[in-house]
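Reading through the structure tokens given below for one structure.
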Amino acid sequence: MTINISIDNGPAQALPAGVSAAEAVKTICSNKTRKKVLAVKIGNDLKDLSTPLQADTALETITAASPAGLDIIRHSAAHIMAQAVLDIFGSEVQVTIGPSITNGFYYDFAKDSPFSTADLEKIELKMQEIVNADLPFSRQVVSKEEAAALFENKGQNYKLEIINDIAGNTVSLYQQGDFVDLCRGPHLPSTGRLRAFKLLKVAGAYWRGDEKNAMLQRIYGTAFNDAKALRTHLRLLEETKKRDHRRLGRELELFTINDQVGPGLILWQPKGARIRSLIEEFWKNEHFRHDYELLYTPQIAKRGLWQTSGHLDFYADDMFSPMEVDEVSYQIKPMNCPFHIAIYKTRKRSYREFPIRWCELGTVYRYERTGALHGLMRVRGFTQDDAHIFTLPEQLEDEIFNILDLNMNILQTFGFKEYEVYLSTRPAKSVGSDENWERATNALKHALEKRGMSYEIDPGEGVFYGPKIDIKIKDVIGRSWQCSTIQVDFNLPERFAMSYTGEDGHDHQPIMIHRALMGSLERFFGVLIEHYAGAFPLWLAPVQTIILNISDAQNEYAQGVYEQLRKAGIRVEKDLRNEKLNYKIRQAQLNKIPFMLIIGDQEMADNTITARLRDGKNLPAMTVGEFLDQIKEDSCIPTLD
RNA sequence: GCCCACGUAGCUCAGCAGGUAGAGCACUUCCUUGGUAAGGAAGAGGUCACCGGUUCAAGUCCGGUCGUGGGCUCCA
């Protein structure tokens, strides 16, 4: 009996039934292609090359060129690593799970003493032995009882737990050499197909990510189809290290964190503070231009305020402990909203005032676990670019659209082009009527669609008080950072008994929107530093130009140029030290200053300057006036259209 | 919070068979007056994170505290 097999939409060929996918590939594909094939896809399922084909089948080949192919390589690498670890440590370890992840793979082991870096080298060597032995990965489907018996016999208790959680009656096992693992597959045909791998680091990880469970020992590694791709990836890791905002923050003197001051508390150094002040000015300008009004509110408030707002019920764990003042308990603010509401309530409000848009660069403090702190990205004290908007129900959709529009325009000004947008809907535990939730969720949806933004729905991930839109920015390392958030709130207006007088003369409850565009200025700054690798665009550069003289014969002239630029509002520094030009250029370059103005006898004689750009190029000699004209536009804080 | 690693001059790091500290860069001074990424010399700078223990003797060994870094489901 024969069956018809087609590969990658090619013409069907008749082959004997029961032929393996590998044989089919070998028969049908070119020599060149078949060496690259790691697995096949039948319908939507990835299958091993050893899969027997019993009926007419259309196959798709999977190679390392596709993400699925890389996944298979990495997943197999995880198995090979597990085998190596068992070979070396024997019954000392139990295997748990070992998936492929975005840039590699890991495997979690239960082991009393952690792995050392020296162990990693040993394991790598053992892995290489296993690769050299070119052991086939063989798949076997067995009943859950059989599998359980097998792993129980091996003393692999975590596997038993996993088997218990799997639906259905059968599970699949993969074996290479004497190592058997419970696994869905697929895998490489044999261990010899793993061509390039490297173990990267050890880390603790809880069983199933739950801190109530045992701490396992995780080994991270990565694998690629060839050594070149691996090298490229390792170089990329080096490059991202260079862009690390903590390193650049120190080198460029942007910010610092001090033990004596406390973890997670940011000290903005002059250059960082200058950038922040520019960001804030841009932000304020745009908010005024978009009909927002600015508020300032205190750092602390009586505990009762947080009682009313519900923060003590829902947020107390994230708040700093209370302090006693005149026998009254005060607590530092984790959010700005109750203060804005207090301002709202200073008098009776009319529907005619709506929408009310109030913004504040509000500094809040939140208790983060020490292990979660990370440079500027996760801190304990930060400034939100916060705003609260009070609207009538019929204004909601327009307001959300306005916010989105302002949001995207502001982010784009900083050169961010990649986003992930999430719409989070009603969670199980929540307040507010079904009708309100539905109306608000629809308003968010329509506004997103109107702005032409594609989004994903995060079902049930909304805050208990209302649906929200979250926007994440992608940084150079591919990490996503949540910056913008837009949340509808049915809760606080209720808790604070907010009202306005409607057209009908009766009291109504306003709808409240919380929103932050950059989120936290600290985090946003961190993302910006990595995004620009410290080379800020002219309008944000803390030092825009630096004057470099060639020798002290030009000191006086250089001083004059310096004053001229300073008066024109350019952020300018001078380096008139008795050093060689090369040396000064190098330092200015390392400080990533956009323009170096070089002044020698020539320039002094012609009453000009020569500008050297950050990228090494030179502008022709020109007068200071001409230079100012040329950079004027780009050196100022931008204005949105 | 938990697991691991780390904590020596402003920065990057060496010192580790326990015998009271070293380099490069940065900083200061002097020499050099030099055209597009480091000219030369000298000097200053450290209670080796903090607290306690072992020892004749601790940056070095042990314990604790604080801090930093990498992780803590992308589910067989």
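Condition first: in a helix (DSSP H, G or I) and either away from RNA strand B (no atom under 16 Å from the Cβ) or in contact (Cβ under 8 Å) with a residue 12 or more places away in the chain (or both). Now tell me which residues in segment A:550-559 satisfy that. Across segment A:550-559, the qualifying residues are A:Asp552, A:Ala553, A:Gln554, A:Asn555, A:Tyr557, A:Ala558, A:Gln559.
If you go through segment A:232-242 one residue at a time, do you hit one that is buried (at least 16 other Cβ atoms within 10 Å of the Cβ), among the basic types (Lys, Arg) and under 18 Å from the mean Cα position of the chain (by Cα)? No, segment A:232-242 has no match at all. Would you kindly identify the strands (runs of 3 or more DSSP E) lying entirely within segment A:60-176 that contain at least 3 residues that are of a type outside the set (Val, Ile, Thr) and buried (at least 18 other Cβ atoms within 10 Å of the Cβ)? Output list reads A:104-111, A:170-176.
Considering (1) crowded, with 16+ Cβ neighbours inside 10 Å; (2) not in a helix (DSSP H, G or I), the lone condition that A:Asp259 does not fulfil carries the number (1). Listed by position, the strands (runs of 3 or more DSSP E) enclosed by segment A:432-501 that each have at least 2 residues that are under 27 Å from A:Pro338 (Cβ atoms) and touching a residue at least 40 places away in the same chain (Cβ under 8 Å) are A:468-474, A:480-489. Residue-level check: of (1) over 30 Å from A:Arg246 (Cα atoms); (2) more than 8 Å from RNA strand B (Cβ to nearest atom); (3) buried (at least 18 other Cβ atoms within 10 Å of the Cβ), A:Glu603 misses just (2). Here A:Glu211 meets the list (1) closer than 25 Å to A:Ile88 by Cα; (2) under 30 Å from the mean Cα position of the chain (by Cα) almost entirely, failing just condition (1).
For A:Ile570, the criteria (1) surrounded by fewer than 18 Cβ atoms within 10 Å (Cβ to Cβ); (2) more than 11 Å from RNA strand B (Cβ to nearest atom); (3) under 30 Å from A:Glu280 (Cβ atoms) hold in every case but one, which is (1).
Step by step: first the residues of segment A:609-641, then only those that are β-branched (Val, Ile, Thr) and in contact with a helix residue (DSSP H, G or I) (Cβ under 8 Å, 6 or more places away or on another chain), then the one that is surrounded by the fewest Cβ atoms within 10 Å (Cβ to Cβ). Which residue is that?
Only one residue fits best here, namely A:Thr639.
Kindly establish whether A:Gln384 is away from RNA strand B (no atom under 16 Å from the Cβ) and free of Cβ contacts under 8 Å to residues at least 40 places away in the same chain.
Judged against the criteria, A:Gln384 is not a match.
Among the residues of segment A:286-323, the ones that are charged (D, E, K, R) and either outside the structural domain of A:Met408 (by TED's automatic domain parsing) or at pLDDT 90 or above (or both) come to 6 in all. Scan segment A:201-245 for residues that are within 7 Å of RNA strand B (Cβ to nearest atom), in contact with a strand residue (DSSP E or B) (Cβ under 7 Å, 6 or more places away or on another chain) and assigned to a helix (DSSP H, G or I) and the total you get is 0. Among the residues of segment A:108-129, just one is at pLDDT below 85 and β-branched (Val, Ile, Thr), namely A:Thr117. Taken together, A:Leu423, A:Leu376 contain a single residue that is within 16 Å of RNA strand B (Cβ to nearest atom) and surrounded by 15 or more Cβ atoms within 10 Å (Cβ to Cβ), which is A:Leu376.
Hey, among the residues in segment A:176-200 that are closer than 18 Å to A:Asp108 by Cα and in contact (Cβ under 8 Å) with a residue 40 or more places away in the chain, which one's nearest to RNA strand B (Cβ to nearest atom)? Only one residue tops the list, namely A:Cys183. Candidates in segment A:161-175 are the residues that are more than 35 Å from the chain's Cα centre (by Cα) and more than 10 Å from RNA strand B (Cβ to nearest atom); of these, the one that is modelled with the lowest pLDDT is A:Asn169. Quick test for you: out of A:Pro537, A:Pro542, pick the one residue that is surrounded by fewer than 17 Cβ atoms within 10 Å (Cβ to Cβ), in contact with a Gly (Cβ under 9 Å, 6 or more places away or on another chain), on the phi < 0 side of the Ramachandran plot and not in a helix (DSSP H, G or I). Unique residue meeting the criteria: A:Pro537.
The values are calculated or read from the model by the stated rules, or taken from the named source; none is laboratory data. All values reported here derive from a predicted model rather than from experimental measurement. Here Cβ is always computed from backbone atoms with ideal geometry, including for glycine, and neighbour counts include all displayed protein chains.
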